[in-house]
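The values are calculated or read from the model by the stated rules, or taken from the named source; none is laboratory data. Nothing here was measured: the structure is a model prediction, and the numbers come from that model. Using ideal geometry, Cβ is built from the backbone for each residue, glycine included, and neighbour counts are taken over all protein chains shown.
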Amino acid sequence: MHLFLRNFNTPALQLSCRLASNYVSRMRHLFELKEDDVACQKALSSGTFLLFHGLAPLLQKTENKYTTPFVAASELNGILQKLDQKEKYLEGSVLIGCTESHVPQFALDLGRTEKTRAESLLKGTFVDLRKAFFLLDGKDAPLLSQAQGLLRWHSTHLYCSRTGHLIHKNVAGSKRFCSTDEIIYYPQMSPVVIMLVSDGTRCLLARQEAFPPGMYSALAGFCDIGETVEDSVHREVAEEVALDVSSVEYSTSQHWPFPNSSLMIACHAMVQPGQDKIDLDHSELEDARWFDAEELAEALNRKRSPTKKEMRELAFWIPPPWAVAHQLIKEWTQRQQPS
């Protein structure tokens, strides 16, 4: 027992406990803001804001690097006044997080303002989220994804499906409610399986027509009602490339804001060797083919997304490092290397 206590008090474990306590403290603070409209209304005057216009995030470029700036409430109020917007405009904000020092973080869409004027005042550019994901280094992607997903949900859920009346959001944007029938609506995500198919020595990547030129990724599809994750993987692979999955291994998950907030459930899917024939569902896919570890290692070594010119010149390229498809490809490729 004494030995356990001495080990528990090592610097590494003390740091781990402090980090855990800080996380718990932040989550409790966020929960309070979500449930207490008065507290959240007060936080609007001291928080920081990620800004969007028509669901496109604001980016700033410095030294060939793009970032997503947080704008302080005091600065934002001055900008809104110059845009002839009232303070009540901030009521469209949604709470997305808080810093370690408990500074609340919000997202706000300025879609009712003149875009060019707003960009001039904010010294940045509003960029379509899909394009922004290729310009950013990845650390900002999860928060941008969450912010846009919440803003989109609120913009498309304005009426009660039972009464037809307008529904209203709470201050934090964590829910909407119909006061006439006491119905509460919460933001929802659709489960999607994304799977890297392998026969042991090769893996299968595919592309849709909507993909940027040359980009190949893992197969993916929405889960049907009543299906398990395993069921969805088996069905999607059969539908899209006519291969029979023999085993499924879960890897990780990721929120994805397209088309309307999805939970990407990432898996490795094994098929029996020798299934060389790929019968494409051309309504879903433009192309699919097998890749070996050497080809994928070369793609993984590229440190950034290709330029438009490089997209046309490269034989193929894969999603950026923060994308869950990239992580699946990286895991599989590392497994092929001799230990």
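What to note about this one:
- Qualifying residue in the stretch 147-158 (condition: buried (at least 17 other Cβ atoms within 10 Å of the Cβ) and closer than 19 Å to Tyr66 by Cα): yes
- Selection status of Leu129, of a type in the set (A, V, I, L, M, F, W, C), within 23 Å of Pro212 (Cβ to Cβ) and touching a Ser or Thr at 6+ places or on another chain (Cβ under 7 Å): no
- Pick from the stretch 189-211, criterion of a type in the set (A, V, I, L, M, F, W, C) and in contact with a Cys (Cβ under 9 Å, 6 or more places away or on another chain), ranking: farthest from Asn260 (Cα to Cα): Val197
- Note on the stretch 40-68: residues that are over 14 Å from Val103 (Cβ atoms) and surrounded by fewer than 19 Cβ atoms within 10 Å (Cβ to Cβ) total 11.
- Only one entry of Ser161, Ser190 meets the criterion of being over 30 Å from Val245 (Cβ atoms) and of a type in the set (Ser, Thr, Tyr), and that entry is Ser161.
- Top-ranked residue in the stretch 176-229 [being in a loop (DSSP other than H, G, I, E, B) and touching a Ser or Thr at 6+ places or on another chain (Cβ under 6 Å); ranked as farthest from His165 (Cα to Cα)]: Cys223
- One residue stands out among those in the stretch 138-173 that are touching a helix residue (DSSP H, G or I) at 6+ places or on another chain (Cβ under 9 Å) and in a loop (DSSP other than H, G, I, E, B): the one that is farthest from Leu58 (Cα to Cα), which is Asn170.
- Of all residues in the stretch 283-339, those satisfying the criterion of being farther than 19 Å from Ala220 by Cβ and acidic (Asp, Glu) are Asp292, Glu294, Glu295, Glu298, Glu310, Glu313.
- Tally of residues being among the hydroxyl-bearing types (Ser, Thr, Tyr) and assigned to a strand (DSSP E or B) across the stretch 31-85: 4
- Residues that are crowded, with 19+ Cβ neighbours inside 10 Å and either under 15 Å from Phe70 (Cβ atoms) or charged (D, E, K, R) (or both), drawn from the stretch 107-127: Ala107, Leu108, Asp109, Leu110, Leu122, Gly124
- For Ala238, the stated conditions hold: it is in a helix (DSSP H, G or I), closer than 30 Å to Trp317 by Cβ, among the small types (Gly, Ala, Ser) and at pLDDT 95 or above.
- Trp317 closer than 18 Å to Val193 by Cα, within 26 Å of the chain's Cα centre (by Cα) and either of a type outside the set (Val, Ile, Thr) or modelled with pLDDT of 90 or more (or both): no
Residue-wise test of (1) out of contact with any Pro (no Cβ under 9 Å at 6 or more places or on another chain); (2) polar (S, T, N, Q); (3) over 27 Å from Lys131 (Cβ atoms).
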| site | (1), (2), (3) |
| --- | --- |
| Tyr185 | yes, no, yes |
| Ala206 | yes, no, no |
| Asp231 | yes, no, yes |
| Val245 | yes, no, yes |
| Glu249 | yes, no, yes |
| Ser283 | yes, yes, no |
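- Residues in the stretch 86-113 that are of a type in the set (S, T, N, Q) and not in a strand (DSSP E or B): Ser93, Thr99, Ser101, Thr113.
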